[in-house]
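**Student:** To start, I am sharing the structure in question, which I have written as structure tokens.
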Amino acid sequence: MPHDAESNPRTVWFKALEPGELPEGRVKPVTCALRTVCMTHFAGKFAALDNRCPHQGGPLGEGSIENGLLRCPWHGWDYDPLTGKAPGYDDGVETFAIEEREDGIYVGIPAMPEHEPTVTDVMAETMVNWGIRHVWGMVGHSNLGLSDALRRQEAAGNWRARSNCCAAPSGR
Ligand code: FES
């Protein structure tokens, strides 16, 4: 399903391609913020598709356009290179808005939603209120929420991270 940049005021535009960078009939992966999009150039038009193949996540931007279809490099599923739809189906790959400007091709990516404070943010704020000013890193999936909360505290200037292993908060 395409993102409608005009109805979403929180779309962020990224320059994805320089003029003439992507030849007709070619594809290319491009990173826009936290997303990778598959840029396509086909039949004189450009498109931006989610780089992740719906089958098992193959990198569509490393695929190729064959017989008018974008072919995933992992298992060969095909998609329309402009609409992202799978032939014979109504669904397929997510697409993003594009704008062809004088200085290149831009992709509209929906902005990340505003962060909603969580219990881990309260934990991090409590640690700051206790006088903790340095953190010696954290590792492990179970710590990712707290790690994000600590990054937000660091961004706010409330403390500094010292390394990225072996969690060990300390005082001043
Ligand atoms: S991951 Fe794309 S066809 Fe399997």
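The values are calculated or read from the model by the stated rules, or taken from the named source; none is laboratory data. Fair warning: this is a prediction, and the values are worked out from it, not measured in the lab. Because the Cβ atoms are built from the backbone with ideal geometry, glycine has one as well, and the counts that use them run over all protein chains shown.
**Student:** Just a yes or no: is a residue in region 69-83 in contact with a helix residue (DSSP H, G or I) (Cβ under 8 Å, 6 or more places away or on another chain) and exposed (fewer than 12 other Cβ atoms within 10 Å of the Cβ)? Write out each step before concluding.
**Tutor:** Initial filter on region 69-83 (in contact with a helix residue (DSSP H, G or I) (Cβ under 8 Å, 6 or more places away or on another chain)): 70, 72-73, 79.
Checking which are exposed (fewer than 12 other Cβ atoms within 10 Å of the Cβ) leaves us with none.
No, every residue in region 69-83 fails to be in contact with a helix residue (DSSP H, G or I) (Cβ under 8 Å, 6 or more places away or on another chain) and exposed (fewer than 12 other Cβ atoms within 10 Å of the Cβ).
**Student:** For region 84-116, name all the residues that are more than 16 Å from the ligand (Cβ to nearest atom), over 19 Å from the mean Cα position of the chain (by Cα) and surrounded by 11 or more Cβ atoms within 10 Å (Cβ to Cβ).
**Tutor:** 100, 101, 104
**Student:** Sticking with this one: I need every pair where a residue in region 37-60 that is in the same structural domain as residue 75 (by TED's automatic domain parsing) has its Cβ under 7 Å from the Cβ of a residue that is near the ligand (Cβ under 8 Å from one of its atoms) and of a type in the set (A, V, I, L, M), sequence separation at least 6 or different chains.
**Tutor:** Partner pairs satisfying both residue conditions: 38/60; 49/60; 51/60; 53/60.
**Student:** Looking only at region 114-146, which residues are polar (S, T, N, Q) and modelled with pLDDT under 80?
**Tutor:** Answer for region 114-146, where residues must be polar (S, T, N, Q) and modelled with pLDDT under 80: 142, 143.
**Student:** Quick check on residue 31: is it of a type in the set (S, T, N, Q) and without any contact (Cβ under 8 Å) to a residue 12 or more places away in the chain? Lay out the reasoning, then the answer.
**Tutor:** Working: of a type in the set (S, T, N, Q): yes; without any contact (Cβ under 8 Å) to a residue 12 or more places away in the chain: yes.
Yes, satisfied.
**Student:** So, residue 104, is that one modelled with pLDDT of 90 or more and touching a Leu at 6+ places or on another chain (Cβ under 7 Å) or not?
**Tutor:** Here the answer is yes, as residue 104 does meet what is asked.
**Student:** Are any of the residues in region 18-40 within 13 Å of the ligand (Cβ to nearest atom) and under 30 Å from residue 114 (Cα atoms)?
**Tutor:** yes
**Student:** Any residue in region 59-81 that is more than 14 Å from the ligand (Cβ to nearest atom), over 23 Å from the mean Cα position of the chain (by Cα) and charged (D, E, K, R)?
**Tutor:** no
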